[in-house]
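Read the structure below first, then the notes.
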Amino acid sequence: MRTIYWENDQVKMIDQRRLPAALDIIACKTHAEVARAIKDMTIRGAPAIGAAAGFGLALAARQSPARTPRDLLADLQAASTLLRSARPTAVNLAWALERVMRCAESKTNLSADGLREAILNEAQAIADEDVQINKRMAEHGAALIDDGDTVIHHCNTGALATVDWGTALGVIRTAHEQGKHVHVLVDETRPRLQGARLTAWELEQYGIPYEIISDNAAGHFLKTGQVQKVLFGADRVAANGDVANKIGTYMLSLAAHDNRIPVYAVVPTSTIDLSLASGDLIPIEERDPDEVLGIQFHGESVTPREAEARNPAFDVTPNRLITAIVTENGIVYPPFDVNLSKVVKVK
Ligand code: MRU
């Protein structure tokens, strides 16, 4: 089952706020509803957000009353601006919007309805290609996994974070399907618990053995020789190989590096932003403090009523802590500032 798909002129998606308690599908009928779903994390994960943005533009095209390609493009531009503002860090969002807009701008010779059709086809192509790209990435990455490995995995990078299959979790899935015994230590991934809720749920579906650990236990497992590899995805990779990913990735990578455990980021090339020289330039989303403060323990709030909190959703791991970056076009090793551009297809 896909995380997001187009059906009956609507965008359908798994409501990731409800898992693992319930597997609900919600339908978006307007691009504004898609933007809201991205913002409130009904759908999340960089490639899934990209696919949602593409379909969001297809909805905007359907709903626009425009009769000429020129008027339709103006409505699409406004929709693109709204969708782009939904979340700032994952570059796949802007990447997908730009790809669909480029397609639309190149086809103004069509009728308005012909253009609507072309836009939907492009959005559908982004979604379909995502699945193929993930599977290619997973084949490359699985070669790095040895039979009997225990890996630490951060956040959720599986089918739920993509259209299907996954990035880092896709690598683990493919290694498992190849018959390798892989054990996953699942970082719970505070504050929104994408690991404990979503990655654990996915691993259950695939029959891959796992244990959930609190994020701050990772250093202990790495130091005591119980882990062979660290795997995660990314929301944006800068030209020098600095990796922005879910908050906590930096501390995990530091602990792995200190213990000489390899650290692999698994990313489609649509996540690589060669326009940014370093990770310092990547915008970091700061989310509602209530995501940190709202947690309960044994049914009671864990924080004083007046407590305040900070809630950066991502951090940047410097390239020196990354062993390799796995893409659909192969595995990239340092120096990343030289080698990353070799796997990214120029638009
Ligand atoms: O805030 P989220 O849940 O959207 O963050 C997702 C991540 O950080 C993932 O690790 C990243 O998008 C790569 S997964 C394909």
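Scan the stretch 95-118 residue by residue and report those that are more than 24 Å from residue 272 (Cβ to Cβ), outside any helix (DSSP H, G or I) and not β-branched (Val, Ile, Thr).
Result: 107, 109, 110, 111.
Give me the residue from the stretch 295-319 that is exposed (fewer than 12 other Cβ atoms within 10 Å of the Cβ) and touching a residue at least 12 places away in the same chain (Cβ under 8 Å) and, out of that set, farthest from residue 260 (Cα to Cα).
Checking each candidate, the answer is 307.
Kindly establish whether residue 143 is of a type outside the set (Val, Ile, Thr) and not assigned by TED's automatic domain parsing to the domain that holds residue 15.
So residue 143 passes the test.
Hey, can you tell me all the residues within the stretch 216-233 that are crowded, with 21+ Cβ neighbours inside 10 Å and not β-branched (Val, Ile, Thr)?
Residues satisfying the conditions are 218, 222, 229, 231, 232, 233.
Which one is surrounded by the fewest Cβ atoms within 10 Å (Cβ to Cβ), of the residues in the stretch 148-179 that are farther than 22 Å from residue 213 by Cα and without any contact (Cβ under 8 Å) to a residue 40 or more places away in the chain?
179
So for the stretch 131-145 (the condition being of a type outside the set (Phe, Trp, Tyr), touching a strand residue (DSSP E or B) at 6+ places or on another chain (Cβ under 7 Å), farther than 16 Å from residue 171 by Cβ and within 15 Å of the ligand (Cβ to nearest atom)), does at least one residue qualify?
No, every residue in the stretch 131-145 fails to be of a type outside the set (Phe, Trp, Tyr), touching a strand residue (DSSP E or B) at 6+ places or on another chain (Cβ under 7 Å), farther than 16 Å from residue 171 by Cβ and within 15 Å of the ligand (Cβ to nearest atom).
Being under 15 Å from the mean Cα position of the chain (by Cα), in a loop (DSSP other than H, G, I, E, B), among the basic types (Lys, Arg) and under 19 Å from residue 120 (Cα atoms) narrows it down to one residue among 2, 44; which is it?
2
Are there any pairs, at least 6 apart or on different chains, whose C-beta atoms fall under 6 Å, with the first in the stretch 263-282 and assigned by TED's automatic domain parsing to the domain that holds residue 227 and more than 20 Å from residue 161 (Cα to Cα) and the second acidic (Asp, Glu) and within 16 Å of the ligand (Cβ to nearest atom), and if so, which?
Final answer for the pair search is 278/242; 279/242.
Looking at (1) without any contact (Cβ under 8 Å) to a residue 24 or more places away in the chain; (2) within 16 Å of the ligand (Cβ to nearest atom); (3) polar (S, T, N, Q), find the lone condition where residue 8 falls short.
Looking at each condition in turn, residue 8 falls short on (2).
Quick one: which strands (runs of 3 or more DSSP E) lie wholly within the stretch 259-347 and hold at least 3 residues that are of a type in the set (A, V, I, L, M)?
In the stretch 259-347, 263-266, 324-327 are the strands (runs of 3 or more DSSP E) which contain 3 or more residues that are of a type in the set (A, V, I, L, M).
The values are calculated or read from the model by the stated rules, or taken from the named source; none is laboratory data. Just so you know, these numbers come straight off a predicted model, no measurement behind them. Ideal geometry is used to build each Cβ from the backbone, glycine not excepted, and the neighbour counts take in all protein chains shown.
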